[in-house]
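Shown next, in structure tokens, is the structure this report addresses.
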Amino acid sequence: MTGPTFRPEVPPNPPVPVPVPAAVPAPARVLVVDDEQDVRELLTETFRLAGFAVTAVGTGVAALNTAYAETPDLVVLDVRLPDFDGADVARILRDAGREVPVVLLPKPFSLENVVTRVREILAA
């Protein structure tokens, strides 16, 4: 004769908390404006490697159209463009109510200094 089978009561496994990933902030959007393709590409790649989302254009008109369409967080702007002076583009943006910070690029410039300045402005 066999007796009752003993089965120990096993508590259910407690739920394991699933870590929720922290929200990753979107990268800052930088609009690069330079009519020299080599300079534009160098700036674009430098800012991308530094973690920014970059749109690049080669004229003042394209800069204005892009700034209105995409609302960048900052504009890196060549001082001399074929169709506008860089300072004029900055003024037109400001006069139109686009309070976007602008870094005017003198020629020659240091990539390190430009990236540092952009980071300082966006951190403020």
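Summary table
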| quantity | calculated |
| --- | --- |
| Vicinal HN-Hα couplings computed from phi for the stretch 63-69 (Karplus, 6.51 cos²θ - 1.76 cosθ + 1.60; Hz; Gly/Pro x) | 5, 5, 4, 5, 4, 6, 7 |
| Range of Cα positions in the stretch 72-111 per principal axis (Å), largest first | 30, 22, 11 |
| Sum of -39500 (n - 2.57) over DSSP H runs of 4+, divided by residues of the chain (222 nm, nearest 500) | -11500 deg cm²/dmol |
| 5 angstrom amide H check on Leu104, placed H, neighbours 5+ away | Leu77 |
| Distant-in-sequence amide H partners of Phe84 (H built 1.01 Å from N, under 5 Å) | Gly60 |
| Backbone HN-Hα couplings from phi across the stretch 46-57 [Karplus 6.51/-1.76/1.60, Hz, Gly and Pro as x] | 4, 5, 4, 5, 7, x, 9, 8, 10, 10, 10, 9 |
| Gyration tensor (Cα) of the chain, equivalent ellipsoid semi-axes in angstrom | 56, 15, 12 |
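Read-outs: derived from the displayed coordinates by stated rules, not from any lab. In this text the structure is predicted, and so the values were computed from the model without any measurement.
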